[in-house]
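Report on the structure given below.
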Amino acid sequence: MKDVSRFLINRAPLILWLVVVAWFALTTERFLSVNNLVSIGVQASSTGVLAVGMVFVLVLGGVDLSVGSLMFVAAAVAGKMVLAGLPLPVAIAATVGIAVVWGLGVGTVVVRWRVASFIVTLALLFVGRGFGLFLTETRAMNLPDAVLQLGSLPVLGVPLPAWIFGLTLVAGHMLLSSHAIGRHLLAAGVDPVGARKAGLPVDRLRVLAFVLCALSAAIATWITLGQLGSVSPKFGEGKEFAAIAAAVIGGTSLQGGRANLFPGVLLGALLVQTIENGLVVANADPYLYPIVTSLVILAAVALDALRHRVART
């Protein structure tokens, strides 16, 4: 019985995704069309990239609720630069710089002031959102076609966002599983006190985790810009919760010390995006969207609790 429970819980992301796909396939015929399935994979890229970065923070027992606001600020700055006639590479470099400063700032406050990451990033969620609204003057910015083309540019027949997600996923997986930094992050997540006694730079690892998470937000910003072609006042809103849900459903623990980037984050991101896409295709009431999102987050927390319970038995 115990082995069956472990088997089902370890494969819960795949089972849940297949159940959701079957449900929407029975609900509407359009759901299983090739174009829609490709759209789900491409649209899941930004959430997936963001979830990869979130894993590094979660594995240390922290959380970053500010990534959606960071995306908004980065998109606002990039949009203004592009509309001013600056080349795309310059705008991309600017968003990377903003992400590095943002991540360093969050990590430094968490480490130096010993404030819970939940509190720090929750405050930044509102500060960043307000600053983004100030930059955009609460108006939408329509960007040139060159930006929109990034979201559909085919590379060997596969849209560029899917390639970016795949490469980010592989890089993150290799860092956690095959590099000393990854092993140190996991060790610090399991036992921070023991890791300090063993000589690991736990504080530096925490700062690094927030920087990596912020960099993933910068990448997700450009994927989203390429898909939307504009910066609206709601840009990036709710992305932090989708990323957390994707990471936790995929097997990363909210309590730290355990991560599952592949296939965990891949399946988690596909599950979150499949639900969102299915609701749209089925013409569901828009007021149901936040309710469904909340249920997905609750499911992620419940699944994490079940994993811990089974692991202790």
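Among the residues of segment 125-138, is any assigned to a helix (DSSP H, G or I), closer than 30 Å to Leu267 by Cβ and either in contact with an Asp or Glu (Cβ under 9 Å, 6 or more places away or on another chain) or aliphatic (A, V, I, L, M) (or both)? First the steps, then the outcome.
At the first step, the residues of segment 125-138 found to be assigned to a helix (DSSP H, G or I) are 125-136.
Still in the list and also closer than 30 Å to Leu267 by Cβ: 125, 128-129.
Imposing the further condition that a residue be either in contact with an Asp or Glu (Cβ under 9 Å, 6 or more places away or on another chain) or aliphatic (A, V, I, L, M) (or both) reduces the set to 125, 129.
Yes, segment 125-138 contains a residue that is assigned to a helix (DSSP H, G or I), closer than 30 Å to Leu267 by Cβ and either in contact with an Asp or Glu (Cβ under 9 Å, 6 or more places away or on another chain) or aliphatic (A, V, I, L, M) (or both).
Kindly indicate the residue of segment 135-162 that is out of contact with any helix residue (DSSP H, G or I) (no Cβ under 9 Å at 6 or more places or on another chain) and either β-branched (Val, Ile, Thr) or without any contact (Cβ under 8 Å) to a residue 40 or more places away in the chain (or both) and also farthest from Gly105 (Cα to Cα) among those meeting that condition. The extreme case among them is Gly157. Got a sec? Which helices (runs of 4 or more DSSP H) wholly within segment 5-91 have at least 1 residues that are modelled with pLDDT of 95 or more? By residue number, 34-58, 67-83.
Of the helices (runs of 4 or more DSSP H) lying entirely inside segment 162-264, not one is found with 3 or more residues being among the aromatic types (Phe, Trp, Tyr). Just give me the residues in segment 163-180 being among the aromatic types (Phe, Trp, Tyr) and either in contact with a strand residue (DSSP E or B) (Cβ under 9 Å, 6 or more places away or on another chain) or free of Cβ contacts under 8 Å to residues at least 40 places away in the same chain (or both), in sequence order. Listed by number, the list holds a single entry, Trp163.
Of the residues in segment 265-287, how many are assigned to a helix (DSSP H, G or I) and in contact with a helix residue (DSSP H, G or I) (Cβ under 7 Å, 6 or more places away or on another chain)? Give the derivation first.
The initial filter retains those residues of segment 265-287 that are assigned to a helix (DSSP H, G or I), namely 265-281, 286-287.
Filter again for in contact with a helix residue (DSSP H, G or I) (Cβ under 7 Å, 6 or more places away or on another chain), leaving 265-275, 277-279, 281.
Selection size over segment 265-287: 15.
Picking from residues in segment 294-308 that are within 10 Å of Ile249 (Cα to Cα) and either of a type in the set (Gly, Ala, Ser) or touching a Phe, Trp or Tyr at 6+ places or on another chain (Cβ under 9 Å) (or both), the one that is least open to solvent (accessible area, probe 1.4 Å) is Ala300. Considering segment 258-270, and only residues there that are closer than 15 Å to Leu175 by Cα and either open to solvent by less than 40 Å² (accessible area, probe 1.4 Å) or polar (S, T, N, Q) (or both), the residue that is modelled with the highest pLDDT turns out to be Val265.
The values are calculated or read from the model by the stated rules, or taken from the named source; none is laboratory data. Predicted model only: the values in this text are computed from it and were never measured. Note that we place each Cβ from the backbone using ideal geometry, even for glycine, and neighbour counts take in every protein chain shown. Just the protein is used for accessible areas: all its heavy atoms, side chains included, with ligands, DNA and RNA removed. Shrake-Rupley method; radii C 1.70, N 1.55, O 1.52, S 1.80 Å.
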